[in-house]
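The values are calculated or read from the model by the stated rules, or taken from the named source; none is laboratory data. Because the structure is predicted, anything quoted here is derived from the model rather than measured. Note that we place each Cβ from the backbone using ideal geometry, even for glycine, and neighbour counts take in every protein chain shown. Keep in mind that these areas ignore ligands, DNA and RNA; they rest on the heavy atoms of the full protein, side chains included. Shrake-Rupley method; radii C 1.70, N 1.55, O 1.52, S 1.80 Å.
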Amino acid sequence: VLEAEPEIKEPSKPQQLPQGPLTVEVEDLSYKPLPDAPPILDNLSVALGSGEIWGLVGRSGSGKSTLLNLVARLREYQSGTLRLGGLDIRNVALGNLRRSIGMVSQFPLIINDTARANLRLARADATDQELEAVCRSVGVWGALEDSAPPGASGLDAQLYTESNKGALSGGQRRLFAIARALLNEPGILILDEPTTGVDTLTRLPLEEVVRSHSKGRTVIMVDQDMGFVAALADKIACLEGGRVANIVEKAEFLTKPSLFLKLYQASQRSNETQMRAVPILDVADQKSGPADSK
């Protein structure tokens with residue numbers, strides 16, 4: 001592994017991205033995982049405005065997460081152009097690129113160490129005051145303080161790779177990952193399936209955190225929860241067959257015929273079916289005791 005040639009290489013004349021929210025311009029972008037494999041993205045073109053919240057939706061295998069990985073330059077595309085803030089992404093210094101893009105994956109990396117050590121994976125020189133501030137801003141500081149050793153800082157709370165251990169619940173781990181992604185004040189925030197494994201009660205705080213921290217940056221998110229996407233996004237790009245099939249403005253989400261509207265309506269029908277399948281006890285049954293129930 002150590003001797004392997006890296007796929008992503010430093011450009012010969014590296015450029016620096018401008019600060020603040022960044023535009024994302026994609027033109028005729030094509031990507032296939034292997035030379036003889038069919039393309040996941042096929043001449044895809046889309047322009048994401050700076051300072052906007054964009055949702056990417058589509059059926060499974062439509063290339064949503066692939067596009068996120070290409071914007072973060074975790075993969076190398078075969079043809080086309082991808083520009084951030086007007087600069088070709090292949091000409092941007094890798095260190096500058098990593099600091100300019102905050103990415104929260106579906107299963108964020110947590111190591112067996114303190115909250116402080118986990119946060120400093122993103123920015124090693126961050127002070128305790130900065131770490132505490134960003135944890136407070138996403139609402140996980142109280143949970144960290146409650147789990148810290150007596151008299152210690154919440155940053156000394158122990159976290160674990162296993163999702164069911166440590167100071168934070170599953171939803172809080174997602175919020176913690178967002179806090180870590182915000183440490184470098186990125187111009188682009190990428191969220192890949194942020195509501196996966198998050199219960200309904202945690203979804204609202206997550207929605208509020210994304211909304212409050214979207215100011216001053218461009219947000220791109222992929223999620224299976226169409227209600228979550230509709231609540232946050234300014235615009236939605238619908239991917240189908242490796243290309244953008246529709247772009248929908250917020251005012252048109254529930255009125256304009258689009259792939260998003262089909263997915264949203266399908267999710268609503270699914271929720272209604274699940275609700276009808278849940279047995280509802282009669283009030284008299286709830287008040288009666290075991291003998292009466294018989």
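Expressed as a whole percentage, what fraction of the accessible surface of the chain belongs to carbon and sulfur atoms when a 1.4 Å probe is rolled over the protein heavy atoms?
Values: 7810 of 15300 Å².
Exposed carbon and sulfur together represent 51 percent of the surface.
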Review point. How would you classify segment 125-188 from its alpha-carbon gyration tensor, with a ≥ b ≥ c the square roots of the eigenvalues: rounded for a/c under 1.5, else prolate if a/b is greater than b/c, otherwise oblate?
Key: oblate
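Could you calculate the contour length gain from N43 to S60, that is, 0.36 nm times the residue separation minus the distance between their Cα atoms, to one decimal place in nm? Numbers along the way, then the final one.
Values: separation 17, 0.36 × 17 = 6.12 nm, distance 1.87 nm.
Going from the current span to full extension adds 4.3 nm.
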Review point. What does the convex hull of the Cα atoms of segment 1-60 come to per residue, in Å³, rounded to a whole number?
Key: 188
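Exposed loop GluC sites (Glu not before Pro) only (DSSP loop, at most 10 other Cβ atoms within 10 Å): please give the longest stretch of the chain free of them, not including the sites.
So the longest stretch without any such site is 8-161.
Within 10 Å, count the other beta carbons around each residue, average over each peptide in 60-67, 31-38, and list them highest first.
Values: 60-67: 20.0, 31-38: 10.5.
Descending mean neighbour count gives 60-67, 31-38.
Normalised by the residues of the chain, what does the relative contact order come to in percent, with Cα pairs under 8 Å and at least six apart? Could you put the intermediate results ahead of the total?
Details: 521 pairs, mean separation 68.7, N = 294.
Rounded, it is 23 percent for the chain.
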Revision key, fill the gap. N112 and T200 label points (each 7 Å along its Cα→Cβ direction) are spaced in nm at 3.7
Check your understanding: What is segment 1-124 by shape, rounded, prolate or oblate, if you read a ≥ b ≥ c off the alpha carbon gyration tensor as root eigenvalues and call it rounded for a/c under 1.5, prolate for a/b larger than b/c, and oblate otherwise?
Key -> rounded
Exercise for review: Measure out, as a whole number of angstrom, how far apart the alpha-carbon centroids of segment 46-89 and segment 6-24 sit.
Suggested key: 14
Practice item. Using a Gaussian network model of the chain whose springs link C-alpha atoms within less than 10 Å, name the residue from V222, V198, V57 with the highest mean-square fluctuation. Key: V198
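Tell me the per residue accessible area of the chain using a 1.4 Å probe; a whole number in Å² is fine. Kindly include the intermediate steps, with their values, before the conclusion.
Working: 15300 Å² over 294 residues.
Averaged over the residues of the chain, the accessible area is 52 Å².
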Review point. Which shape class, rounded, prolate or oblate, goes with segment 44-89 when its Cα gyration tensor gives a ≥ b ≥ c as root eigenvalues, a/c under 1.5 marks rounded, and past that a/b bigger than b/c marks prolate?
Key: oblate
**Study point:** Neighbourhood net charge (14 Å Cβ-Cβ; Lys/Arg +1, Asp/Glu -1) for G49
**Key:** 0
Review point. Can you work out the FRET efficiency for the pair R211 and E7, with r the C-beta to C-beta distance and R0 = 41 Å, to the nearest 0.05?
Key: 0.75
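What's the Kirkwood radius of segment 146-235 in Å, using all Cα pairs? Please list the in-between numbers first.
Values: mean 1/r = 0.0698 Å⁻¹.
It works out to 14.3 Å.
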Check your understanding: Taking the convex hull of the alpha carbon atoms in segment 72-199, what volume per residue do you get, in Å³?
Key -> 116
Revision key, fill the gap. Across L17, L56, L121, the residue with the highest GNM fluctuation in the chain (Cα network, 10 Å cutoff) is L121
